[in-house]
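Notes follow the structure.
The values are calculated or read from the model by the stated rules, or taken from the named source; none is laboratory data. Small disclaimer: the values here were computed from a predicted structure and weren't measured. Here Cβ is always computed from backbone atoms with ideal geometry, including for glycine, and neighbour counts include all displayed protein chains. Ligands, DNA and RNA are stripped out before the accessible areas are found, and what is left, the full protein with its side chains, is counted by its heavy atoms. Shrake-Rupley method; radii C 1.70, N 1.55, O 1.52, S 1.80 Å.
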Amino acid sequence: MKRKTLAMILSWTLILAVILSGCNNAGSGAGNDSGSNASGGDSGGDGKVTLKFMHLWPAGSSAQQNKLVNDIIQQYQTDNPNVTIKQEVLENEQYKNKLKILSASNELPDVGVTWAAGFLEPYVKGNLFAPLDDLLKGELGEKFIAGTTEAYAVDGKTYALPIELNISPIYYNKAIFDKYNLQTPATYDEFLNVVKTLTDNGEVPIALGNKDRWTGSLWYMYLANRVGGDALEKAINGSGKFDDPALTQAAAEVQKLVDMNAFNKGFNGLSNDEGKSEFMNEKAAMYLMGTWELPNFTTNPDIPQEFKDKVGFFKFPTIDGGKGDINSWVGGPGVGLFAAQNSKVKDEAQKFIQYFVEKWGESSVTEAGVIPATKVDTAAVQLPQLYIDLLNELNQASSLTLFADVQMKPAAAQAHLDMIQALFGKAVTPEDFVKNHQAAIDKGN
């Protein structure tokens with residue numbers, strides 16, 4: 001399951017170097033039906049086609065992505081007047097739960113969103129997703145950044161096409177840091193000093209909504225990397241074990257942060273959106289999250305420019321004596337689009353996926369502030385500095401570690417997420433945390 005390869009990083013580096021050279025040289029809802037049944041669409045005898053599309057970009061929490069989706073759908077329907085696209089829009093966790101429910105009755109939407117690797121595999125094994133290799137044989141295949149589509153392949157066939165590429169920085173509020181004369185930390189000791197200074201002055205250091213659990217996993221993954229290098233990846237793919245001392249130490253460091261009151265109150269019972277609001281409302285100084293949040297800090301017109309100007313980022317700090325590299329990121333290909341195998345309008349679904357991927361790649365940079373999985377010529381585009389700086393970091397990445405719950409098979413991923421919440425809630429010791437992970441990996445499902 002290991003997705004981190006030097007070849008992939010070098011390929012991304014070359015492509016993003018071209019993108020950045022262009023950057024540095026450069027100075028609502030169509031068919032939206034959030035309550036619709038998400039089972040397959042229909043092709044009528046009169047040539048009319050209804051296509052059902054389920055995704056996870058609500059207008060509230062993902063305003064720019066939602067607008068872009070609706071623009072693409074509107075244009076597609078204009079170009080294909082016989083097609084009507086009905087949307088069902090859910091937030092992240094609701095989406096995952098609905099996808100499981102629909103898959104149990106084989107009533108997936110014609111087009112939907114999926115994650116890569118271990119998340120994708122059971123849907124493929126259940127013959128629920130259609131292969132999309134034919135779409136990669138033409139010009140579209142050449143548009144993807146090297147290494148992105150491979151994350152969606154099972155047994156040599158590609159079952160979804162990625163639309164995003166992400167890394168996960170720690171965003172911070174410059175004004176809060178300036179208030180206490182804080183510098184962005186390069187080492188973990190410096191980071192802990194930032195946390196202590198903020199708590200000593202009555203500030204909340206870190207915004208976190210860990211009810212969704214994968215949010216806390218980001219913290220654990222970085223700590224595991226900075227202490228043990230690729231120890232976590234090896235434990236997941238079976239070439240190592242979870243009893244590696246680095247993985248126990250990383251768990252202990254999580255609980256040390258909890259003991260320091262590093263996170264906002266009630267974090268284990270808050271959703272990611274609720275946790276994020278602590279940062280967005282300037283009630284917390286830092287927020288660790290993927291670059292899919294960039295629109296809220298750059299292009300979203302509903303967010304005050306005064307706040308956006310305060311947002312900076314830094315890399316997860318290195319730990320003294322640890323094996324991790326500060327240019328190693330948690331991230332990788334983001335979500336992708338699948339076509340349901342049993343869709344009654346499968347040809348139209350695949351046609352829409354190709355159209356969507358191409359239009360998203362062309363427009364996501366300027367209209368949504370999202371880093372796409374396809375190559376984009378940005379030479380003539382004026383981009384926000386925060387976006388350019390993060391593209392530059394992606395260009396310099398020494399490695400990308402795919403999100404742990406995505407790497408793992410479903411049962412192990414569930415155990416991982418449950419253990420993450422228990423760890424942050426101090427309901428499990430670091431030693432039992434790693435033992436339970438190893439037991440879940442050993443079950444192999």
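Short to long, the 10 Å bins of the Cα pair-distance histogram for the range 361-442 hold 15, 31, 18, 24, 12, 1 percent of all pairs.
Rounded to the nearest 5, what % of the DSSP beta bridges within the chain are antiparallel ones?
Values: 23 of 40 bridges.
Of the beta bridges lying entirely in the chain, close to 60 percent run antiparallel.
If you put +1 on each Lys and Arg Cβ and -1 on each Asp and Glu Cβ, how big is the dipole of the chain around its Cα centre, in Debye rounded to 20? Don't jump to the answer; show the numbers that get you there.
Numbers: 39 positive and 53 negative charges, 121 e Å.
Using only the charged Cβ atoms, the result is roughly 580 debye.
Over the range 249-402, the Kirkwood radius and the radius of gyration, each from Cα atoms, give a ratio Rg/Rh of 1.02. On the basis of the beta-carbon distance and an R0 of 22 Å, residue 82 and residue 106 show a calculated FRET efficiency of 0.25. Taking the accessible area of the chain, probe 1.4 Å, and keeping the other protein chains in place, the carbon and sulfur fraction comes to 47%. Fully extending the segment from residue 48 to residue 375 would add 114.4 nm, taking 0.36 nm per residue of separation and subtracting the current Cα-Cα distance. From helices alone, the chain scores -14000 deg cm²/dmol at 222 nm; the rule is -39500 (n - 2.57) for each run of n ≥ 4 DSSP H residues, then divide by the residue total.
Computed as a quarter of the hull surface, the mean projected area of the alpha carbon convex hull for the range 66-203 stands at 13.4 nm².
Over the range 197-286, with the other protein chains present, what is the accessible area per residue in square angstrom, probe 1.4 angstrom?
35
For the range 321-395, taking the reciprocal of the average inverse distance between every pair of different Cα atoms yields a Kirkwood hydrodynamic radius of 15.1 Å.
Between residue 442 and residue 307, the simple spin-label model (points 7 angstrom out along Cα→Cβ) gives 4.8 nm. Considering every alpha-carbon pair of the range 128-237, the percent of pairs per 5 Å bin, from zero through the bin containing the longest distance, is 2, 8, 13, 14, 14, 13, 11, 9, 7, 6, 3, 1. Per the Debye formula on identical point scatterers at the alpha carbon atoms of the range 228-276, with no solvent, log10 I(q)/I(0) at q = 0.13 Å⁻¹ is -0.46.
Rolling a 1.4 Å probe across all protein chains gives residue 222 an accessible area of roughly 0 Å². Only Cα sites of the range 55-141 enter the Debye sum here, all with the same form factor; the resulting log10 I(q)/I(0) across q = 0.15, 0.18, 0.19, 0.21 1/Å is -0.74, -1.03, -1.12, -1.23, listed in q order. Per-residue SASA remark: residue 203, around 40 Å² accessible (1.4 Å probe; ligands, DNA and RNA not included).
Excluding same-chain neighbours fewer than eight residues apart, the lysines reachable from residue 283 by a Cα-Cα span under 27 Å are 174, 179, 196, 211, 256, 265, 308, 310, 315, 426.
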